[in-house]
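The values are calculated or read from the model by the stated rules, or taken from the named source; none is laboratory data. These numbers were taken from a predicted model, which means no experiment stands behind them. Cβ atoms come from the backbone with ideal geometry, glycine included; neighbour counts cover every protein chain shown.
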Protein chains: 2
Amino acid sequence: MSKRVAGPEIERLIQLLAKVPGLGPRSARRAALHLIKKKEQLLAPLASAMSEAVEKVRVCSNCGNVDTADPCMICTDPSRDQSTIIVVEDVSDLWAMERATGLNALYHVLGGTLSPLDGIGPDQLTIRQLVDRIAAGEVKEVILAVNATVEGQTTAHYLTDQLAEFGVRVTRLAHGVPVGGELDYLDEGTLAAALKSRTVF
Amino acid sequence: MSKRVAGPEIERLIQLLAKVPGLGPRSARRAALHLIKKKEQLLAPLASAMSEAVEKVRVCSNCGNVDTADPCMICTDPSRDQSTIIVVEDVSDLWAMERATGLNALYHVLGGTLSPLDGIGPDQLTIRQLVDRIAAGEVKEVILAVNATVEGQTTAHYLTDQLAEFGVRVTRLAHGVPVGGELDYLDEGTLAAALKSRTVF
């Protein structure tokens with residue numbers, strides 16, 4: 001706001017809300033006003049949930065997931081298949097995979113992809129920790145669920161090399177037509193990949 | 001999330017974020033993850049800003065604005081023109097007017113519009129407080145900056161009647177072509193109003 005219409009506390013709240021992904025300067029104002037109007041029902045609980053998250057949330061030292069426990073809920077879940085690790089770039093990918101799959105496996109969050117130009121080499125990712133987990137011997141399959149981007153695929157190749165000596169099965173997600181997708185709107189690379197990996201009907 | 005991938009604290013944070021206007025269930029997850037990653041730079045300051053707002057923000061007993069002081073910054077600002085009150089439906093309208101206008105006036109927030117079918121009569125709005133402010137005698141002009149909706153205009157008519165006895169000048173916002181607007185996309189009512197209120201070029 002160019003002119004101040006409210007105390008600095010409210011303006012600070014708006015400024016901080018504007019940094020939340022999905023909110024811009026305009027919607028941050030709207031959100032702040034809504035929160036202030038629902039002070040007891042929404043603002044107070046949200047403030048305490050955030051304080052609690054600040055205090056309790058940490059990165060799992062085993063897999064890189066974020067949780068209030070370390071090791072995280074997934075790593076310590078005895079019902080999960082301990083012989084399969086799904087490797088993802090980011091925690092958001094872990095959440096997406098977990099929502100989508102019935103695979104009750106373990107995860108490993110890389111923390112990004114290899115990108116030499118940006119100074120991100122193997123040591124900036126959690127590749128060493130992954131190799132250590134595989135070296136421990138219990139894992140039989142590593143599923144590389146990285147993005148289908150150049151960086152993602154480069155990282156997948158590098159990981160495949162690193163894991164070769166351990167004799168684990170290294171797999172990757174299939175390329176193909178997205179469910180519900182229309183062929184007309186798909187790029188040629190995806191169509192070619194889908195055709196190459198066609199399955200018997 | 002159908003399956004739990006993180007502790008209840010994180011899921012609660014996501015659920016509460018999803019209730020913020022502008023965020024849905026999916027963007028709330030993304031926002032939560034971003035906040036957790038930027039724990040020190042964003043999550044912690046936001047949590048404390050919210051706690052502070054819960055504690056300090058109140059409705060101005062004079063004009064209905066929200067602020068950390070009561071009476072609010074606007075009501076207590078001696079540089080403002082004490083003879084003009086801009087009447088708005090909601091605090092968000094006050095903020096919008098304040099961003100837009102160079103008018104350094106006072107405000108009065110009605111808290112809605114008259115809507116007999118919804119059980120909202122004059123007593124559910126801050127009309128009595130407005131009348132009291134006018135009766136005090138210092139105000140010379142009341143600008144009705146209510147929405148150009150049926151409810152807004154009904155409320156404007158009612159207010160005009162209520163304020164008639166005090167001899168103040170009651171004005172309303174002009175109807176017309178929005179700045180930057182294209183005639184082709186405008187409704188007939190707006191065009192007719194703009195034509196009727198045409199000004200000398």
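Summary of computed values
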{"item": "Hits in region B:82-101 (condition: of a type in the set (Ser, Thr, Tyr) and assigned to a strand (DSSP E or B))", "result": "B:Ser83, B:Thr84"}
{"item": "Some residue of region B:178-194 being of a type outside the set (Gly, Ala, Ser) and under 18 Å from B:Leu103 (Cβ atoms)", "result": "yes"}
{"item": "Within region A:49-84, tally of residues that are hydroxyl-bearing (Ser, Thr, Tyr), assigned by TED's automatic domain parsing to the domain that holds A:Gly112 and surrounded by 15 or more Cβ atoms within 10 Å (Cβ to Cβ)", "result": "1"}
{"item": "Counted residues, region B:1-58 - those being facing another protein chain (nearest Cβ under 7 Å), assigned to a helix (DSSP H, G or I) and modelled with pLDDT under 90", "result": "1"}
{"item": "Pick from region B:64-75, criterion in a loop (DSSP other than H, G, I, E, B) and within 11 Å of another protein chain (Cβ to nearest Cβ), ranking: nearest to A:Ile14 (Cα to Cα)", "result": "B:Thr68"}
{"item": "Filter result for the condition that a residue is closer than 30 Å to B:Asn65 by Cβ and over 28 Å from the mean Cα position of the chain (by Cα), over A:Pro8, A:Pro45, A:Pro25", "result": "A:Pro8"}
{"item": "Members of region A:162-201 that are exposed (fewer than 10 other Cβ atoms within 10 Å of the Cβ) and either aromatic (Phe, Trp, Tyr) or modelled with pLDDT of 95 or more (or both)", "result": "A:Tyr185, A:Phe201"}
{"item": "Boolean, B:Gly121 is free of Cβ contacts under 8 Å to residues at least 60 places away in the same chain, farther than 21 Å from A:His34 by Cβ and not acidic (Asp, Glu)", "result": "yes"}
{"item": "Any hit, region B:92-108, residues being at pLDDT below 90, among the acidic types (Asp, Glu), surrounded by 18 or more Cβ atoms within 10 Å (Cβ to Cβ) and within 17 Å of the chain's Cα centre (by Cα)", "result": "yes"}
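One line per residue, one yes/no per condition, for (1) hydroxyl-bearing (Ser, Thr, Tyr); (2) in contact with a Phe, Trp or Tyr (Cβ under 8 Å, 6 or more places away or on another chain):
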site	(1), (2)
A:Cys60	no, no
A:Thr76	yes, no
A:Met97	no, yes
A:Tyr107	yes, no
